[in-house]
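Chemist: Quick one: the structure is below, questions incoming.
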């Protein structure tokens, strides 16, 4: 007979809302009142810095007394084979909060220092954001260390409340802040104390955590409590100094134990202990120099077991997690992301690859091993299926997808792939292939020979390297902003973060070919919305390179961009130019899979003549008279969003008539449209975007320079769009002339406006 728990999980799998209030751990033995409970569980994750594997009483330490944490272990699950995401602080935290190998999210190299421009990318869905979107109150109290520029700060990564140190207190950080009075202790951006005192941090963090719990006792909360201790410089309050047999390090551990106990006391006093999950873990192994006689080898910064295998305990007896269990199943820090989501009833939305596995069935005692994703035993069991699985023939016969999912890949402190573990086998690949059996030799002292296992694990590392080459994502980057009045440049960091494909032929007319250059962010997984960039030049000059900077800047914001050349008016009069723009859209849509773009979400942007063609492209999808014969005739040329800049939209206006009749200035108009307005009125009408407006027109946002002609504001055009309930608007760039893209400040404003609009409209299911 199927258990009640299994039935509930199946129902949740088949009806997965983003946020579910029904806890997943009810059993048939619970009382009807308990079964009716609808309050999601609270989650507290206590992350200790630099605590080694054996450095708790429950893990065998005799030099320290840790009764409260030992009690937690006796009532919960103690993990004997638990791995931090990395052997160093920043990378380890990135892996925990994103559910990904740090390398996958670009946060795998060393640590983020105070002057670093890098951090967790704003597009990553952190664990805090996941819980916050599901109605939880969220807090980070303690050491952040994941980026110190505005986009990377806790309040921009899903945390409602922050208290603690953004930085370390090691000598490098201390020197950096020396002239400012030291490293500050902050609460929601406001300085509480400077410099922070290491001796009081553990107590202060705990005080703040208890206040947060008390304040949110009637609401579900997610509390991330990353302590600064036991990192150097160690700090111990007077109460705990010289209380252990292990010097200052042992004293700090005993103080930590005391304050962990205070958390549990508060939960009990507030009657929250039966509906709260508490996890205790270390971010990496202990620092070098501490107790080299430990049974496992290595320390922080290394990929020996002592550097990355750490203590971890999960406690939630009131929610039916196993109690008093020592779990030998290999578990990784990334696994908490889908697991805690499942225990909270949160279905992780579709999106980028997540490396963590949902280990809920193991925690509940339903399985001794992590079930295969296809077993459907938990809400987020299928998460690993998002991972790339394209083994070449050489490797396909060596492993199953499940074996590959269960492997753990060790990365060193500099981000290099160093080793892989599968079951009890561990293979070092750098500098030489060296195999150990961790069950028989946990100290990694006796390499062994087993050709079949070596080949299998080496195959896993080859596949993993290829996966990361194709699917790894970029870290967040805050670049140095050029002077606003300088000539427009693209920062080298952005250039390096892009991959380009030049001279792609998208249309042919006999011997005449038209090319586009395509840009895409390196490491962006899956399909991205696309934007076609259409250059200006009075329809008579220029080529795709004129909008190369624009295409790169837009691509860096998470788009596939294509800057196109089209036939100029000296070669072919209207409608050749719009024919070519449509051919470009059809080509991209027809080859969407090849370029990793979403064929249902294509936009366009352009300045001046390019702005006009952008507006025209938006307003006449399917028009036989403007479609042309540039290839892929059965594919739609419709776009889903447009940003015309400095654009004319009404060629039958008095202004256009007057300009077209001017001897010199009007020459480009007459060449483009075959005469004056009076001489070629039908062509002028056909070339007017306003004449093609319909309910099929997508959202259109105009950008104009303040000093440009008011006709570029497209007032009549926008009024008509508003009348048919189509989104439109106008941004005027202060002080800017018609050709504003050449100046950095104006260029930046235009890009920010456009990308914000595209991000909203090219992913809008109700469009």
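The values are calculated or read from the model by the stated rules, or taken from the named source; none is laboratory data. Quantities reported herein were computed from a predicted structural model and do not represent experimental measurements. Every residue, glycine as well, gets a Cβ built from its backbone with ideal geometry; the counts of neighbours run over all protein chains shown.
Chemist: From (1) touching a strand residue (DSSP E or B) at 6+ places or on another chain (Cβ under 7 Å); (2) outside any strand (DSSP E or B), pick out the condition that doesn't hold for residue 436.
Modeler: The one condition residue 436 does not meet is (2).
Chemist: Run residue 313 past the list (1) in a strand (DSSP E or B); (2) more than 27 Å from residue 411 (Cα to Cα) and report the number of the one that doesn't hold.
Modeler: (2)
Chemist: Can you pull out every residue in the range 48-66 that is closer than 22 Å to residue 322 by Cβ and in contact with a helix residue (DSSP H, G or I) (Cβ under 7 Å, 6 or more places away or on another chain)? Break it down into steps so the answer makes sense when it comes.
Modeler: From the range 48-66, those closer than 22 Å to residue 322 by Cβ are 53, 56-60, 66; that's our starting set.
Scanning the range 48-66 gives 53, 56, 57, 58, 66.
Chemist: Related question: For the range 443-493, give me each residue that is more than 35 Å from the chain's Cα centre (by Cα), over 24 Å from residue 393 (Cβ atoms) and either exposed (fewer than 11 other Cβ atoms within 10 Å of the Cβ) or in contact (Cβ under 8 Å) with a residue 40 or more places away in the chain (or both). Break it down stepwise before answering.
Modeler: Residues of the range 443-493 more than 35 Å from the chain's Cα centre (by Cα): 443-452.
Next cut, over 24 Å from residue 393 (Cβ atoms) only: 443-449.
Within the range 443-493, 443, 444, 445, 446, 449 qualify.
Chemist: Hey, can you tell me all the residues within the range 523-562 that are assigned to a helix (DSSP H, G or I) and buried (at least 18 other Cβ atoms within 10 Å of the Cβ)?
Modeler: Step one: filter the range 523-562 for residues assigned to a helix (DSSP H, G or I), giving 544-555.
Selection gives 544, 546, 547, 548, 549, 550, 551, 552, 553, 554, 555.
Chemist: Would you mind stating whether residue 503 is in contact with a strand residue (DSSP E or B) (Cβ under 8 Å, 6 or more places away or on another chain), on the phi > 0 side of the Ramachandran plot and surrounded by fewer than 17 Cβ atoms within 10 Å (Cβ to Cβ)? Please lay out each step first, then the result.
Modeler: On the way: in contact with a strand residue (DSSP E or B) (Cβ under 8 Å, 6 or more places away or on another chain): yes; on the phi > 0 side of the Ramachandran plot: yes; surrounded by fewer than 17 Cβ atoms within 10 Å (Cβ to Cβ): yes.
So residue 503 fits the description; yes.
Chemist: A further question follows. On the given criteria, is residue 584 closer than 19 Å to residue 629 by Cα and either out of contact with any strand residue (DSSP E or B) (no Cβ under 6 Å at 6 or more places or on another chain) or part of a helix (DSSP H, G or I) (or both)? So that I can check it myself, show each step before the final result.
Modeler: Working: closer than 19 Å to residue 629 by Cα: yes; either out of contact with any strand residue (DSSP E or B) (no Cβ under 6 Å at 6 or more places or on another chain) or part of a helix (DSSP H, G or I) (or both): yes.
So residue 584 fits the description; yes.
Chemist: In the range 244-286, which residues are in a loop (DSSP other than H, G, I, E, B) and either crowded, with 17+ Cβ neighbours inside 10 Å or touching a strand residue (DSSP E or B) at 6+ places or on another chain (Cβ under 9 Å) (or both)? Please lay out each step first, then the result.
Modeler: Let us first name the residues in the range 244-286 that are in a loop (DSSP other than H, G, I, E, B), namely 244-246, 270-272, 283-286.
Scanning the range 244-286 gives 244, 246, 272, 283, 284, 285, 286.
Chemist: Would you confirm whether any residue within the range 594-617 is without any contact (Cβ under 8 Å) to a residue 12 or more places away in the chain, in a helix (DSSP H, G or I), assigned by TED's automatic domain parsing to the domain that holds residue 714 and surrounded by fewer than 20 Cβ atoms within 10 Å (Cβ to Cβ)?
Modeler: Yes, that holds for at least one residue.
Chemist: Within the range 123-167, work out how many residues are part of a helix (DSSP H, G or I), free of Cβ contacts under 8 Å to residues at least 60 places away in the same chain, crowded, with 22+ Cβ neighbours inside 10 Å and out of contact with any strand residue (DSSP E or B) (no Cβ under 6 Å at 6 or more places or on another chain). So that I can check it myself, show each step before the final result.
Modeler: At the first step, the residues of the range 123-167 found to be part of a helix (DSSP H, G or I) are 127-133, 150-152, 154-156.
In the following step, the residues that additionally are free of Cβ contacts under 8 Å to residues at least 60 places away in the same chain were identified as 129, 154-156.
Applying the additional criterion that residues be crowded, with 22+ Cβ neighbours inside 10 Å yields 154.
Narrowing further to those that are out of contact with any strand residue (DSSP E or B) (no Cβ under 6 Å at 6 or more places or on another chain): none.
Of the residues in the range 123-167, 0 are part of a helix (DSSP H, G or I), free of Cβ contacts under 8 Å to residues at least 60 places away in the same chain, crowded, with 22+ Cβ neighbours inside 10 Å and out of contact with any strand residue (DSSP E or B) (no Cβ under 6 Å at 6 or more places or on another chain).
Chemist: Which number in (1) outside any loop (DSSP other than H, G, I, E, B); (2) loosely packed, with under 14 Cβ neighbours inside 10 Å; (3) at pLDDT below 95 marks the one condition that residue 719 misses?
Modeler: (3)
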